[in-house]
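Here is the structure we will look at.
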Amino acid sequence: DAGVIQSPRHEVTEMGQEVTLRCKPISGHDYLFWYRQTMMRGLELLIYFNNNVPIDDSGMPEDRFSAKMPNASFSTLKIQPSEPRDSAVYFCASTPAVVGDEQFFGPGTRLTVL
Amino acid sequence: AQSVTQPDIHITVSEGASLELRCNYSYGATPYLFWYVQSPGQGLQLLLKYFSGDTLVQGIKGFEAEFKRSQSSFNLRKPSVHWSDAAEYFCAVGSLNYGGSQGNLIFGKGTKLSVKP
């Protein structure tokens, strides 16, 4: 398996633009997580899905952020409109259904909002 | 509320020296605990995990960690550090959601390890 795939790896955009980050989890993994990493706040969980259904979105910072998982092999995180404070590295991770199993992380998308 | 504390933001050790990275957690039930490593520009990779059983767990790259319930700690150790171990290390505690199924991980803020030649 190729592991968790994220695209793009780098994104530079201007304030006010819409940004869409993409993630393909490992096949057969029932859980998908979106994280944001910044120097100030560390690694924060934004939202996670189980079998394509959002379970906990309490970490989504505000309504400008939305996430979808239309099928088991694809998820998106959208920011509209983007702001400079959204600049961060966004990670996607997936894990099987077994409790206590590790999360497998993608390489991340480095987002810069000018 | 669950939480993870990594008290050391940055540690520098000499190559060949021993290493211990500290992790303390707050969790109401028996936790499951993880250590991840992140190299610059990379995602997180699992080093080891504790779920139950033997409190001393072995991981990849020669790392080990010991779960001490009385101290709410899960410190990471390595007897002899290599230059390639320079990275950031994250401790995490797993939770169960209301239904008792897989939940999210709570991560510490990380400890950055530098290795002197």
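The values are calculated or read from the model by the stated rules, or taken from the named source; none is laboratory data. Keep in mind that this is a model prediction, so the values were computed, not measured. Glycine gets a Cβ as well: all are built from the backbone with ideal geometry, and neighbour counts include every protein chain shown.
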- line: Within the range A:30-68, restricting to residues that are touching a residue at least 12 places away in the same chain (Cβ under 8 Å) and among the small types (G, A, S), the one that is nearest to the other protein chains (Cβ to nearest Cβ) is A:G59
message: Within the range B:25-70, take every residue that is within 24 Å of A:T38 (Cα to Cα) and of a type in the set (S, T, Y) and give me the one that is nearest to the other protein chains (Cβ to nearest Cβ).
response: B:Y36
- request: Would you check if B:R69 is farther than 30 Å from A:L111 by Cβ, within 12 Å of the chain's Cα centre (by Cα) and of a type in the set (K, R)?
  value: no
task: Give the residues of the range A:1-19 that are loosely packed, with under 13 Cβ neighbours inside 10 Å, modelled with pLDDT of 95 or more and not hydrophobic (A, V, I, L, M, F, W, C), sorted by residue number.
output: A:R9, A:H10, A:E14, A:G16, A:E18
Any pair with Cβ under 8 angstrom, 6 or more apart, that starts in the range B:69-86 at a residue that is touching a residue at least 40 places away in the same chain (Cβ under 8 Å) and ends at one that is surrounded by fewer than 17 Cβ atoms within 10 Å (Cβ to Cβ) and among the aliphatic types (A, V, I, L, M): B:S80/B:A17; B:V81/B:A17
task: Considering only the range A:69-114, state which residues are among the hydroxyl-bearing types (S, T, Y) and free of Cβ contacts under 8 Å to residues at least 12 places away in the same chain.
output: none
message: Given the criteria assigned to a loop (DSSP other than H, G, I, E, B), out of contact with any Cys (no Cβ under 8 Å at 6 or more places or on another chain), crowded, with 20+ Cβ neighbours inside 10 Å and polar (S, T, N, Q), does A:S58 qualify?
response: no
- line: When (1) farther than 18 Å from B:N104 by Cα; (2) surrounded by 14 or more Cβ atoms within 10 Å (Cβ to Cβ) are applied to B:I60, the one that fails is (2)
message: With the requirement that a residue be of a type in the set (S, T, N, Q) and over 14 Å from the mean Cα position of the chain (by Cα), what does the range A:5-27 give you?
response: A:T13, A:Q17, A:S27
- prompt: Got a sec? Which of A:D30, A:D63, A:D86 is of a type in the set (D, E, K, R) and under 14 Å from the mean Cα position of the chain (by Cα)?
  reply: A:D86
query: Is there a residue in the range B:46-61 that is touching a residue at least 40 places away in the same chain (Cβ under 8 Å) and either at negative phi or in contact with a Gly (Cβ under 8 Å, 6 or more places away or on another chain) (or both)?
result: yes
- request: Please determine, by comparing only the residues of the range A:69-114 that are touching an Asp or Glu at 6+ places or on another chain (Cβ under 8 Å) and part of a strand (DSSP E or B), which one is nearest to B:W35 (Cα to Cα).
  value: A:T95
- prompt: Of (1) touching a strand residue (DSSP E or B) at 6+ places or on another chain (Cβ under 6 Å); (2) surrounded by fewer than 15 Cβ atoms within 10 Å (Cβ to Cβ); (3) modelled with pLDDT of 95 or more, B:P7 satisfies all except one. Which?
  reply: (1)
message: For the range A:71-78, check the following and say yes or no: at least one residue is modelled with pLDDT under 95, within 13 Å of the chain's Cα centre (by Cα) and surrounded by 17 or more Cβ atoms within 10 Å (Cβ to Cβ).
response: no
